[in-house]
Amino acid sequence: MLYLSSVPNFLAGAPKVFSQEQGSLDETTNITVEKMLITYLTLQQKGEPETAFIGNYAIPSGTAECITAKIKDVLSGRGVAMARVVGLGSDGANVMVGREAGGAQQLRQNDCPFLVNIHCGAHRTALAARDASTAVRQVSAYVTTLNNIYTYYKNSPIRTYRLNELQKEMGEHDLLSLKQPSATRRLSLERAVKGTRANWAAVVSELREEEDAKNCPVAKGIRKRLQTYTFTALTHLLTDVLAVVNRMNLIFQKDDVNISFISPVVSMTLASLEDLMNGPGEAENEFNEASRDGRFCGVTLTHVDAQTCSSLRTEYVAEVTKSIKKRFPSEHLSIISDLDTVLNASRYPGGTGAADPLVQKERMLRDFLPLKRVLAGSGNPSFRESYGLLITSLGEMFPDFKTLAEVALVIPVSSVAAERGFSLQNNIKTAMRSRLCEEKVQNLMTISSAAVPLETFDYAQAGTRFKSMRTRRKV
């Protein structure tokens, strides 16, 4: 997956239609054996970015060389100078960010001297949660049990029906359905934990009935694991911890997120995790109060050991904290360090054809305090509002900061737009429609991405254009 961004209009004479563009590209395998490169561009007009679908292109392989060549072909075909590309975000795959021959390195060395490489914030968060779950043995075993529960009911409509009937008899309404944790879906573990927590009493009762009626060893094994104190305590612990982690994930998936969000969101998450390290959260407190006598929801728990579960909370939260710090190292959290490629002349390619600096450092240092005073006098606008002012109103007064504003607004924080394009393609080119050609898929994706409301669509203009495309037989 690749996400590209370009500097708006810093080259004199750049074509206007392409002077304010940011691109994002995603590659995946469709239902046949083709590799497809899904392309998005974010158009920035007067300080306001807008993401739009550009194309869905077949490529012969998923190597860095092949992807890089296609990127150049697509952007140059639209009149975008590669030297204006300043940002690249990805999911961290080696083919994209490899230090020796990854796509980012190839672009930076040969075509994009100002390229800033950013690993998608949503992917980093999901990987941190996965790493922590794998590192703690009890949590890894817990995830395995969740998969076993999901499979047990998914493969039997009769069991699912009995579970639903039990929920009605127990007066449990509006419960979440059981979910399967997945390594490829970012929020799946939290949803699986919530579903298990909501259905725990009904599942234990249904498993006991199955065990008594049919002497089913599978039902007995799952019920015994669910009825342990550790499993129920972990369910409530994970409810608290994953709520914190996934809140961070959801912030990075917002359409209006920018680089100013990264440091405060990570700091907020780490502070919330420190609170959980020092004491139980809301869900865990609720469980502790309800299980003081060794029973929970009317079910007797086995292997009760509150002290061990408290130690497990400390271990798991510490692993989550360590994983987040590893995925979001301190040197990557500073906006200044992210823009070091733009500001530091020593980072520019050497030899012939080296790029000229985008800004004049001495003039920037001179203009810094006057700029701060102007912004303060404008009501202390937010990051995005400040950069909008620099681009639209203050550019002539502070030209270097205008350039940095244009750069900062197009640097991607996540690759969510490309991920949505990935899902859109899979919804269109299904197993039943696997022979759709590249052009047809691209047209259908364009229509779906545009999402024009029916009440505003000009049917007359569309009909006129359709008729003019070629001579048609009258009926």
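Quick check: is even one residue across segment 260-270 of a type in the set (S, T, N, Q) and either open to solvent by 50 Å² or more (accessible area, probe 1.4 Å) or modelled with pLDDT of 95 or more (or both)? Before you say what the answer is, go through the steps one by one.
Of the residues in segment 260-270, the ones of a type in the set (S, T, N, Q) are 260, 263, 267, 269.
If we keep only those that are either open to solvent by 50 Å² or more (accessible area, probe 1.4 Å) or modelled with pLDDT of 95 or more (or both) too, we end up with 267.
Checking segment 260-270: at least one residue is of a type in the set (S, T, N, Q) and either open to solvent by 50 Å² or more (accessible area, probe 1.4 Å) or modelled with pLDDT of 95 or more (or both).
Cβ contacts < 7 Å: first residue over 29 Å from R162 (Cα atoms), restricted to segment 134-152; second residue modelled with pLDDT of 90 or more and among the charged types (D, E, K, R), any location; separation 6+ or different chain. Result?
Pairs that qualify, where the first residue is over 29 Å from R162 (Cα atoms) and the partner is modelled with pLDDT of 90 or more and among the charged types (D, E, K, R), are A135/E319; V136/E315; V136/E319.
What pairs come up if the first residue lies in segment 80-100 and is open to solvent by less than 40 Å² (accessible area, probe 1.4 Å), the second is small (G, A, S) and part of a strand (DSSP E or B), and their beta carbons are under 7 Å apart, counting only those six or more places apart or on different chains?
As it stands, the answer is V80/S6; R84/S6; V85/S5; V85/S6; V86/S5; V86/S6; G87/S5; M96/S90, since those pairs meet every condition given.
Does I31 fit the bill of being modelled with pLDDT under 70, surrounded by 15 or more Cβ atoms within 10 Å (Cβ to Cβ) and not hydroxyl-bearing (S, T, Y)? Talk me through it step by step, then tell me what you get.
Numbers: modelled with pLDDT under 70: yes; surrounded by 15 or more Cβ atoms within 10 Å (Cβ to Cβ): yes; not hydroxyl-bearing (S, T, Y): yes.
The answer is yes for I31.
What helices (runs of 4 or more DSSP H) completely inside segment 385-475 contain at least 1 residues that are at pLDDT 80 or above and exposed (fewer than 15 other Cβ atoms within 10 Å of the Cβ)? Talk me through it step by step, then tell me what you get.
On the way: elements: 399-410, 416-428, 438-450, 459-468.
The helices (runs of 4 or more DSSP H) meeting that bar are 416-428, 438-450, 459-468.
Residue check, S140 against (1) at pLDDT 90 or above; (2) over 12 Å from L189 (Cβ atoms), all met but one. Which one?
Tallying (1) at pLDDT 90 or above; (2) over 12 Å from L189 (Cβ atoms), S140 fails exactly one: (2).
V241 is checked against (1) touching a strand residue (DSSP E or B) at 6+ places or on another chain (Cβ under 8 Å); (2) surrounded by 20 or more Cβ atoms within 10 Å (Cβ to Cβ) and fails just one. What number does that condition carry?
(1)
Looking at (1) open to solvent by 20 Å² or more (accessible area, probe 1.4 Å); (2) touching a Cys at 6+ places or on another chain (Cβ under 7 Å), which is the one condition that is false for I59?
Of (1) open to solvent by 20 Å² or more (accessible area, probe 1.4 Å); (2) touching a Cys at 6+ places or on another chain (Cβ under 7 Å), only one is false for I59: (1).
The values are calculated or read from the model by the stated rules, or taken from the named source; none is laboratory data. Remember, predicted model here, so these are calculated numbers, not experimental data. Note: ideal-geometry Cβ built from the backbone for every residue, glycine included; neighbour counts use all protein chains shown. Ligands, DNA and RNA are stripped out before the accessible areas are found, and what is left, the full protein with its side chains, is counted by its heavy atoms. Shrake-Rupley method; radii C 1.70, N 1.55, O 1.52, S 1.80 Å.
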